[in-house]
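In what follows, a structure is listed as structure tokens, so that the remarks can point back to it.
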Amino acid sequence: MAGLRLGPLLRYTDGSSATIWVETSRPCTAEVRCADGAGGTARTFQVAGHHYALVPVSGLTAGTATAYEVLLDGTRVWPLPDSPLPPSVIHAPGADDEVRVAFGSCRWAAPPAGGTDPVGPDALDALATRIAADPGGERPDVLVLLGDQVYADETSEAVRRRIDARRGLSDPPGGEVADYEEYTWLYDESWLDPEVRWLLSTVPSCMIFDDHDVIDDWNTSAAWLADMRATDWWQERIVSGLMSYWVYQHLGNLSPAELAADPLYAAVRDTPDATDLLRAFATRADADPASVRWSYRRDFGRVRLLMVDSRAARVLDEQRRAMLHPEEAAWLRAQALDAPGSCDHLLIGTSLPWLLPHLVHDVEAWNAVLCRGRKGARWARFGERLRRGADLEHWAAFPESFAALAGVIAEAGSVPDGPATVCVLSGDVHHAYAAEPSWPDDGPAPAARVLQLTCSPVHNSVPLSIRLGFRFGWSAVARALGRRFARHAGCPPTAVTWRRTGGPWFGNQLMTLTLRGRAATLGLEQAGSDGTLRPVWLNVELASIN
């Protein structure tokens with residue numbers, strides 16, 4: 001009899017349909033039955049000995065919520081027997097509903113039952129506890145998870161024991177994951193936590209990768225990539241990372257219409273064992289980033305979310321260095337400007353912050369000039385060592401891309417009947433803060449309110465020196481110091497200036513945007529030691545009406 005290994009995860013939802021992802025113990029037919037009669041079925045597909053299904057659910061009624069159950073070959077496997085948690089439900093949004101977007105990044109798996117979490121209380125656990133206590137109360141309409149859903153390079157003690165039993169820890173990559181099978185252990189560890197498992201079954205989610213989903217500072221530079229490709233373990237790591245991301249995260253980001261039009265998804269479902277097919281796809285994606293688009297668009301009524309791949313889509317050649325290759329950059333601009341007047345709020349999800357503390361930004365821009373060789377080969381070698389050692393690889397380290405994104409935001413926020421707000425949602429840097437840009441008086445500036453919103457947990461493993469340094473980076477002294485670096489390198493003025501409007505905050509936290517009509521409210525909550533979410537920065541009105 002087939003069993004439910006992982007899931008269900010409620011991924012895509014709209015007013016009439018949804019998708020639900022499951023991993024099963026053997027080949028079977030997965031079925032979702034809703035209390036209101038909606039439902040759907042899908043046959044599992046196989047990758048590397050694992051079995052998965054993405055069940056399309058149709059027949060939902062907009063503006064309603066319905067409980068659902070999961071059956072495998074006709075046997076109910078969800079809800080779990082004797083579960084103390086409420087039934088999982090699908091909320092089908094209405095056209096005029098408010099939209100609550102909760103977002104964050106960098107989630108380390110919760111410890112086993114009874115264990116102590118070395119990184120502090122889990123914000124998703126705390127959110128699940130609150131929703132379960134009041135199932136009919138306020139909840140997010142979507143979770144936006146901005147990277148590092150799993151840590152392939154910083155594994156737990158439990159995963160390292162499994163690796164040691166399987167292949168030993170003496171040979172590279174040691175305690176890091178090496179292949180697809182070991183990647184599945186990371187998702188098991190992260191998504192089998194009972195509260196988080198239930199949360200992901202009842203709140204839709206959008207996901208994108210960041211570096212630790214593969215390895216720290218993934219695609220920092222051409223020299224970094226050459227060094228990785230010279231090892232005897234990297235190729236299997238990157239191929240397995242992209243394969244597992246496609247299965248566990250990417251598929252659920254797509255709408256039923258996009259899935260129906262995807263030739264790879266059709267081929268995977270039509271073959272008895274899709275391992276070789278998916279391996280070939282991942283190999284091509286690594287060799288030619290322009291051959292695949294991991295970025296995607298989701299619309300929630302009049303709220304548009306553009307999730308941008310700011311890792312795999314990079315151009316790494318120092319003389320053409322860009323955060324997004326030309327096709328990806330053109331896609332972002334086209335989606336941001338699509339159908340003027342149809343969007344009240346534009347959200348741009350990029351795992352790496354666009355606006356950083358001023359000192360950090362200027363050092364990254366300075367370093368980019370050094371690495372390009374403008375100050376000579378010796379400075380270029382120093383710049384590359386510094387870039388890797390200090391993680392200087394955000395939008396600021398790609399100056400032309402930084403300016404291009406500023407231009408896209410200004411254009412999107414300036415069209416007639418354009419969005420009231422444009423918010424860049426990011427994580428990665430293990431701090432939470434809000435920053436607001438302004439444009440030069442002599443250039444085009446958006447009428448929309450524009451904000452950089454960054455939410456990434458600061459846990460006990462982040463050194464105090466880094467936390468203090470990040471706070472110092474916003475100061476007037478740090479800004480003056482950063483300008484000296486910029487002048488030394490001959491960096492041109494930035495396309496925008498910006499100021500910090502909130503933070504930095506430290507802890508395991510979630511930000512929430514509540515979007516209603518052309519109004520927007522921002523809140524920030526932190527997981528307390530008692531496992532509850534506590535407001536840190538709540539009910540801050542953001543919207544301007546243009």
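The strands (runs of 3 or more DSSP E) falling completely within region 7-72 that include 1 or more residues that are more than 12 Å from Ala92 (Cα to Cα) and charged (D, E, K, R) map to 17-24, 29-34, 39-43, 64-72. Might you let me know whether region 22-37 holds any residue that is of a type in the set (S, T, N, Q), touching a strand residue (DSSP E or B) at 6+ places or on another chain (Cβ under 7 Å) and under 22 Å from Leu264 (Cα atoms)? There is at least one residue in region 22-37 that is of a type in the set (S, T, N, Q), touching a strand residue (DSSP E or B) at 6+ places or on another chain (Cβ under 7 Å) and under 22 Å from Leu264 (Cα atoms).
Of the residues in region 14-44, how many are open to solvent by 10 Å² or more (accessible area, probe 1.4 Å), within 13 Å of Leu60 (Cβ to Cβ) and not aliphatic (A, V, I, L, M)? Residues in region 14-44 being open to solvent by 10 Å² or more (accessible area, probe 1.4 Å), within 13 Å of Leu60 (Cβ to Cβ) and not aliphatic (A, V, I, L, M): 10 in total. For region 159-172, residues that are open to solvent by 20 Å² or more (accessible area, probe 1.4 Å) and either under 23 Å from Asp82 (Cβ atoms) or assigned to a loop (DSSP other than H, G, I, E, B) (or both) total 5.
How about region 473-527: which of its residues are among the hydroxyl-bearing types (Ser, Thr, Tyr) and open to solvent by less than 50 Å² (accessible area, probe 1.4 Å)? Scanning region 473-527 gives Ser475, Thr501, Thr512, Thr514, Thr521.
Would you check if there is a residue in region 75-89 being within 26 Å of Ala267 (Cα to Cα) and not in a strand (DSSP E or B)? The answer is no; no qualifying residue exists. Being open to solvent by less than 10 Å² (accessible area, probe 1.4 Å) and in a helix (DSSP H, G or I) is a condition met by no residue of region 456-471. Checking Leu71, Leu54, Leu60, Leu85 one by one, the residue that is of a type outside the set (Lys, Arg), in contact (Cβ under 8 Å) with a residue 40 or more places away in the chain and in contact with an Asp or Glu (Cβ under 6 Å, 6 or more places away or on another chain) is Leu71 and no other. Looking only at region 393-417, residues that are open to solvent by 10 Å² or more (accessible area, probe 1.4 Å), over 16 Å from Thr497 (Cα atoms) and not aliphatic (A, V, I, L, M) come to 5 in all. For region 217-238, state whether one or more residues are surrounded by 17 or more Cβ atoms within 10 Å (Cβ to Cβ), under 24 Å from Ser201 (Cα atoms) and either modelled with pLDDT of 95 or more or more than 15 Å from the chain's Cα centre (by Cα) (or both). Checking region 217-238: not a single residue is surrounded by 17 or more Cβ atoms within 10 Å (Cβ to Cβ), under 24 Å from Ser201 (Cα atoms) and either modelled with pLDDT of 95 or more or more than 15 Å from the chain's Cα centre (by Cα) (or both). Only residues that are of a type in the set (S, T, N, Q) and more than 21 Å from Gly136 (Cβ to Cβ) were counted in region 196-221, giving 3. Can you find even one residue in region 257-266 that is closer than 22 Å to Thr184 by Cα and charged (D, E, K, R)? Scanning region 257-266 turns up no residue that is closer than 22 Å to Thr184 by Cα and charged (D, E, K, R). A count restricted to region 8-42 and to residues that are among the aromatic types (Phe, Trp, Tyr) and more than 17 Å from Pro79 (Cα to Cα) stands at 1. Screening Ala152, Ala133, Ala178 for residues that are more than 23 Å from Ile20 (Cβ to Cβ), buried (at least 21 other Cβ atoms within 10 Å of the Cβ) and not charged (D, E, K, R) leaves exactly one candidate, Ala152.
The values are calculated or read from the model by the stated rules, or taken from the named source; none is laboratory data. Please read all numbers here as calculations on a predicted model, not as lab measurements. In this analysis, Cβ positions are derived from the backbone assuming ideal geometry, glycine residues included, and neighbour counts consider all displayed protein chains. Accessible surface is based on the protein model in full, side chains and every heavy atom, while ligands, DNA and RNA are left aside. Shrake-Rupley method; radii C 1.70, N 1.55, O 1.52, S 1.80 Å.
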